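Just below is one structure, and these are the notes that go with it.
The values are calculated or read from the model by the stated rules, or taken from the named source; none is laboratory data. All figures in this text were calculated on a predicted structure; none of them were measured in a lab. Positions of Cβ are generated from backbone atoms using ideal geometry, with glycine treated the same way; all protein chains shown enter the neighbour counts. Heavy atoms of the whole protein, side chains included, go into the accessibility calculation; ligands, DNA and RNA do not. Shrake-Rupley method; radii C 1.70, N 1.55, O 1.52, S 1.80 Å.
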Amino acid sequence: MALVIETGAGVTGANAYCAVADVDTYSTSRNQNTAWTALSTAAKEAAIVEATLYLETKFRYAGTKNSYGQGLSWPRLSAYDSSAALDIPSLTVPPAIKIACMDLALKSGLGTVILDDNARGGMTKMEKVGPLEVQYADNAPVGTDYGIEGLLKGIIIRDGVVAQPLFQSPEYSDDQYFTNDQFNNNGSSSGGAL
């Protein structure tokens, strides 16, 4: 299967957010180059497709798809990165998506099963193998967290809400015509009788 890379143009049939050369370069920066370069091109491409599929199936993103015919979730319209407090241009794939894809491709290529089927929906209460025992908290998420959610936190939707920045000052806070309490409706009038 050949890679069809999403460039930000809404490529029909796209199945990857990054190219093999991108992951080759990324693997060098992560000191995992030896194991990754030993893989065949076909194995690297399969790992990238699996990483992209993980990003497509595990997360909901801010905004809406740019066009009906595009192969992947990105590019998107009206997407906002709340962690950076920036609009995401409509003809782009955010760097966070590309980095997450490269990171997951490395994990997949080096043997980690990132898209696994969870027995009984992954709702493990207790697992015992010999003297070893594992019991997860009742509210523990299903599956494995691969450490990319922090990278994507500003563009993914959780519980129907896009993550918001920790501190956000009102747009009018430095405006000479508005005061911070101007729109409070506490029943009193501060400018004369009604």
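Worth pointing out:
- Residues located in the stretch 105-159, provided they are at pLDDT below 70, of a type in the set (Asp, Glu) and under 29 Å from Trp36 (Cα atoms): Asp117, Asp145
- Check on Arg60, open to solvent by less than 60 Å² (accessible area, probe 1.4 Å), under 15 Å from Ile97 (Cα atoms) and basic (Lys, Arg): no
- All positions within the stretch 56-92 that are at pLDDT below 95 and hydrophobic (A, V, I, L, M, F, W, C): Phe59, Ala62, Leu77, Ala79, Ala84, Ala85, Leu86, Ile88, Leu91
- Counting the residues of the stretch 23-53 that are open to solvent by 80 Å² or more (accessible area, probe 1.4 Å), without any contact (Cβ under 8 Å) to a residue 24 or more places away in the chain and not hydroxyl-bearing (Ser, Thr, Tyr) gives 2.
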